[in-house]
1. Please go through the range 190-222 and pick out each residue that is free of Cβ contacts under 8 Å to residues at least 40 places away in the same chain and more than 28 Å from the chain's Cα centre (by Cα).
2. Quickly run through the range 188-205 and pick out the residues that are surrounded by 17 or more Cβ atoms within 10 Å (Cβ to Cβ) and assigned to a loop (DSSP other than H, G, I, E, B).
3. Go through (1) over 21 Å from ILE141 (Cα atoms); (2) free of Cβ contacts under 8 Å to residues at least 40 places away in the same chain; (3) acidic (Asp, Glu) and name the single condition ASP229 misses.
4. From the list ILE228, ILE221, pick out the single residue that is under 16 Å from VAL255 (Cα atoms) and touching an Asp or Glu at 6+ places or on another chain (Cβ under 6 Å).
5. Report, by residue number, each residue of the range 240-279 that is surrounded by fewer than 16 Cβ atoms within 10 Å (Cβ to Cβ), free of Cβ contacts under 8 Å to residues at least 24 places away in the same chain and either farther than 17 Å from GLY472 by Cα or in the same structural domain as MET404 (by TED's automatic domain parsing) (or both).
6. Scan the range 228-263 residue by residue and report those that are among the hydroxyl-bearing types (Ser, Thr, Tyr) and more than 12 Å from ALA288 (Cβ to Cβ).
7. For the range 401-416, which residues satisfy the criterion of being in a helix (DSSP H, G or I) and surrounded by fewer than 21 Cβ atoms within 10 Å (Cβ to Cβ)?
Amino acid sequence: MFLVSQADTLRQLHQDHLNNYNNQEQQAIELIGLLNKLYNEQDVQVTLFGETLDTTSVGQLLAMHQKAAIREQGGKPIAIADTLAMVRVLAASGDVQSARVDVGQLIATDTDIQTALQAIDTSGGTVNEATDVVLYGFGRIGRILTRLLLSQASSAKGLHLKAIVVRPAAAGDLAKRASLLERDSIHGSFSGDVSVDEDNNGIIINGRFVQVIYANDPSEIDYTDYGIDNALVIDNTGKWKDEAGLGKHLQSNGVQKVLLTAPASGDIKNVVYGVNNDTVGDDTIVSAASCTTNAITPALKVLNDEYGIESGHVETIHAFTNDQNLVDNYHKSDRRGRSATLNMVITSTGAAKAVGKALPELSGKLTGNAIRVPIPNVSLAILNLNLEKAPQSTEALNDFMRQMANSSTWQSQIAYTDSTEAVSTDFIGTKHVGIVDAQATIVTDNHATVYIWYDNEVGYSTQVLRLATQMGGISYTQIPA
């Protein structure tokens, strides 16, 4: 009798869990429809602790809520039912336009959505227009940017990818470009539809036509011939890094501004979004700095504000990159000619120096080196810091970084993990710029060692698009403020 009773209990437990999950799935399906409607009709984006809620997968949406509950470290769980209730109110209120609403922050602080909306002046608010975007170069970063831009629901506002510029190539190039976008050995298949329009020399991605332009130099292109005007060119080639070279883009008809996805030289501002993007102003040429600079600068900023940084060294354990050789061969740079897949390769990095450009108070205080290792993506920065004020303990410093990661100010730039099982592949595809590994933190008196994981492709590209949004004159009301 006991075995029968136990079997019935387990059977009922199984059914209860299944019913609960099925109920959550139905809520997720309704939520996806409302999220797409808000984005398309009102230019309203809903986020969960800074991360845009996924609108392509029910499973992914539920997983994001589960991770958010874990992130709260014993705080109020983020139930999808709570998110759905808030989004229903948003969808019913047609007054809210061009806004980013963080339901995670609202739920965590027990803020009623109606109260939050009443605190925002929706009269005469900004209504964003469409901004044409051209990707100059279609390598790793170019394709990741394309995926991020075109995986969202279509909208008449915001950043509109209109064209991709690549060097002239042989027949069949268009199909190869589309295939590289659709299939990726690191990030998997693109969650959408990709097809080639040979007649018009373009690629159709999730129903949106993207012109492919072949050119050796910006001077060869008149973008207005393709219906593109006042465009933001995102240069992913790294070919030009100074004002003279990047200024060529501005001489092309239809171009208004240029954003470089590499560190710039000369007087061009190297910008880390969230740290010094307030300095951009009316600049027509801006650099988004490097992936490493973006990963470490936000953490260095908050650590310097809290403890003061006297000096330090940044060591980057970096995934190999396309400029290295697969097998030993000639290379103009020292050591990079040796096989990237077989060696750890010590090389220089300008990331530590670049931090000083984004964060002048740390100028000259940091040194840096990099070690390229035989993995294709996800890197790790080790911050060895001498602090003015000693943290009370390793736990105290970790608690501070966790608070920063959960704050509305830094939640998009700083993330936090205390998993004892975390390894590099766990962070493939993360849109968080830098993830503090609490298990590896070491504090000894005034010295602290902090480890920061980062997806040097997706995390960086997310930062690039934040900066591109600002340069395109697109702004959003933040809820909560």
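1. Across the range 190-222, the qualifying residues are ASP197, GLU198, ASP199, ASN200, ASN201, ASP217, SER219, GLU220, ASP222.
2. The one that is surrounded by 17 or more Cβ atoms within 10 Å (Cβ to Cβ) and assigned to a loop (DSSP other than H, G, I, E, B): PHE190.
3. (2)
4. Result of the check over ILE228, ILE221: ILE228.
5. The answer is ALA244, and nothing else.
6. From the range 228-263, those among the hydroxyl-bearing types (Ser, Thr, Tyr) are 237, 252, 261; that's our starting set.
THR237, SER252 - these are the residues of the range 228-263 that are among the hydroxyl-bearing types (Ser, Thr, Tyr) and more than 12 Å from ALA288 (Cβ to Cβ).
7. First, the residues of the range 401-416 that are in a helix (DSSP H, G or I): 401-406.
The answer is ARG402, GLN403.
Table: residues versus (1) more than 23 Å from ALA63 (Cα to Cα); (2) modelled with pLDDT under 95; (3) of a type in the set (Ser, Thr, Tyr).
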{"site": "ALA381", "(1), (2), (3)": "yes, no, no"}
{"site": "SER393", "(1), (2), (3)": "yes, no, yes"}
{"site": "LEU397", "(1), (2), (3)": "yes, no, no"}
{"site": "THR409", "(1), (2), (3)": "yes, yes, yes"}
{"site": "VAL423", "(1), (2), (3)": "no, no, no"}
{"site": "VAL443", "(1), (2), (3)": "yes, no, no"}
{"site": "THR449", "(1), (2), (3)": "yes, no, yes"}
{"site": "ARG466", "(1), (2), (3)": "yes, no, no"}
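The values are calculated or read from the model by the stated rules, or taken from the named source; none is laboratory data. Everything numeric in this text was worked out from a predicted model, so none of it was measured. Backbone-built Cβ (ideal geometry, glycine too); neighbour counts: all protein chains shown.
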